[in-house]
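Visitor: Dropping a structure here in structure tokens format, bear with me for questions.
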Amino acid sequence: MIRYRNPQLDDPIILQLIESQLVPLSHLNPKELDLIRKEIPTRLRRGVTFVATKNREEKASAFVHFMLHGELLYIDMLAVAPSAQRKRLGISLMEQAENFALSRGCKRAKVMVDVGNDKGLSFYQKLGYKIIRMITTSHCYEMEKIW
């Protein structure tokens with residue numbers, strides 16, 4: 001099931017998923033990563049986070065965090081635990097985020113994918129996202145989907 005994030009239940013798992021699934025793909029130096037780690041609680045409070053679980057009380061095995069900026073859906077983070085990969089949880093979370101955004105008038109979506117994250121790049125391309133540019137300073141592809 002997909003549900004809204006429960007900070008007390010889900011944040012420890014979300015932080016663990018960030019460390020295990022997203023940080024290893026980053027090209028940021030340790031100092032920059034430490035700054036981002038400190039910002040994560042604030043980021044989670046600012047946007048919307050959906051988690052994938054077996055039931056309402058179960059710990060999350062995947063999450064998507066996103067923000068809406070006018071007509072733009074910005075996918076901030078998406079991570080799936082290795083044991084839950086290849087079970088369509090990432091697709092379900094993205095569909096939920098995109099439907100949420102569409103219902104609020106968004107017309108396009110963006111996501112940044114680290115260079116070298118070939119699985120992530122392929123995942124978003126299958127969902128209809130296209131690379132619009134490479135941001136060399138952060139070693140990321142900016143991807144966009146227009147509805």
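The values are calculated or read from the model by the stated rules, or taken from the named source; none is laboratory data. Everything numeric in this text was worked out from a predicted model, so none of it was measured. Counting neighbours? That spans all protein chains shown, and the Cβs are built from the backbone with ideal geometry, glycine included. Each accessible area value is taken on the protein alone, full model and side chains, heavy atoms only, with ligands, DNA and RNA left out. Shrake-Rupley method; radii C 1.70, N 1.55, O 1.52, S 1.80 Å.
Visitor: Kindly evaluate residue 68 against the criterion of being among the aliphatic types (A, V, I, L, M), out of contact with any Lys or Arg (no Cβ under 7 Å at 6 or more places or on another chain) and either within 26 Å of residue 1 (Cβ to Cβ) or open to solvent by 30 Å² or more (accessible area, probe 1.4 Å) (or both).
Guide: Working: among the aliphatic types (A, V, I, L, M): yes; out of contact with any Lys or Arg (no Cβ under 7 Å at 6 or more places or on another chain): no; either within 26 Å of residue 1 (Cβ to Cβ) or open to solvent by 30 Å² or more (accessible area, probe 1.4 Å) (or both): yes.
Against the criterion (among the aliphatic types (A, V, I, L, M), out of contact with any Lys or Arg (no Cβ under 7 Å at 6 or more places or on another chain) and either within 26 Å of residue 1 (Cβ to Cβ) or open to solvent by 30 Å² or more (accessible area, probe 1.4 Å) (or both)), residue 68 does not qualify.
Visitor: Is one or more of the residues making up the range 131-141 among the aliphatic types (A, V, I, L, M), touching a residue at least 24 places away in the same chain (Cβ under 8 Å) and surrounded by 13 or more Cβ atoms within 10 Å (Cβ to Cβ)? Spell out the reasoning first.
Guide: First, pick out the residues of the range 131-141 that are among the aliphatic types (A, V, I, L, M): 131-132, 134-135.
Remaining after also requiring touching a residue at least 24 places away in the same chain (Cβ under 8 Å): none.
The answer is no, given that none of the residues of the range 131-141 is among the aliphatic types (A, V, I, L, M), touching a residue at least 24 places away in the same chain (Cβ under 8 Å) and surrounded by 13 or more Cβ atoms within 10 Å (Cβ to Cβ).
Visitor: Also, I was wondering about something else. Taking residue 22 as the residue in question, decide whether it is modelled with pLDDT of 95 or more and either of a type in the set (Phe, Trp, Tyr) or part of a helix (DSSP H, G or I) (or both).
Guide: Taking the combined requirement at face value, the residue satisfies it.
Visitor: So which residues in the range 64-86 are within 22 Å of residue 12 (Cα to Cα) and out of contact with any Phe, Trp or Tyr (no Cβ under 7 Å at 6 or more places or on another chain)?
Guide: Those that are within 22 Å of residue 12 (Cα to Cα) and out of contact with any Phe, Trp or Tyr (no Cβ under 7 Å at 6 or more places or on another chain): 65, 77, 78, 80, 81, 82, 83, 84, 85.
Visitor: Follow-up question, since we're still on this one. Sort through 49, 53, 42 and tell me the only one that's open to solvent by 30 Å² or more (accessible area, probe 1.4 Å) and either of a type in the set (Val, Ile, Thr) or touching a Pro at 6+ places or on another chain (Cβ under 7 Å) (or both). Before you say what the answer is, go through the steps one by one.
Guide: Working: 49 fails: open to solvent by 30 Å² or more (accessible area, probe 1.4 Å); 53 fails: open to solvent by 30 Å² or more (accessible area, probe 1.4 Å).
Selected residue: 42, the only one of 49, 53, 42 that is open to solvent by 30 Å² or more (accessible area, probe 1.4 Å) and either of a type in the set (Val, Ile, Thr) or touching a Pro at 6+ places or on another chain (Cβ under 7 Å) (or both).
Visitor: Condition (residue is acidic (Asp, Glu), under 13 Å from the mean Cα position of the chain (by Cα) and over 15 Å from residue 51 (Cα atoms)) applied to the range 67-85: is it met by at least one residue?
Guide: no
Visitor: Checking residue 28 against (1) at pLDDT below 95; (2) in contact with a strand residue (DSSP E or B) (Cβ under 8 Å, 6 or more places away or on another chain), which single condition isn't satisfied?
Guide: (2)
Visitor: A follow-up question, please. Can you name the condition, by its number, that residue 60 falls short on among (1) open to solvent by 30 Å² or more (accessible area, probe 1.4 Å); (2) of a type in the set (Gly, Ala, Ser); (3) on the phi < 0 side of the Ramachandran plot; (4) in contact (Cβ under 8 Å) with a residue 24 or more places away in the chain?
Guide: Tallying (1) open to solvent by 30 Å² or more (accessible area, probe 1.4 Å); (2) of a type in the set (Gly, Ala, Ser); (3) on the phi < 0 side of the Ramachandran plot; (4) in contact (Cβ under 8 Å) with a residue 24 or more places away in the chain, residue 60 fails exactly one: (1).
Visitor: Then there's this: Could you look through the range 14-23, keep only residues that are of a type outside the set (Asp, Glu) and over 20 Å from residue 137 (Cβ atoms), and pick out the one that is surrounded by the most Cβ atoms within 10 Å (Cβ to Cβ)? Quick ask: steps written out before the conclusion?
Guide: Narrowing the range 14-23 to residues of a type outside the set (Asp, Glu): 14-18, 20-23.
Adding the requirement that they be over 20 Å from residue 137 (Cβ atoms) leaves 14-18, 20-21.
On the way: 14: 22, 15: 14, 16: 14, 17: 24, 18: 18, 20: 12, 21: 18.
Result: 17.
Visitor: Could we say that residue 75 is surrounded by 13 or more Cβ atoms within 10 Å (Cβ to Cβ), under 19 Å from residue 3 (Cα atoms) and of a type outside the set (Asp, Glu) here?
Guide: Criteria met by residue 75.
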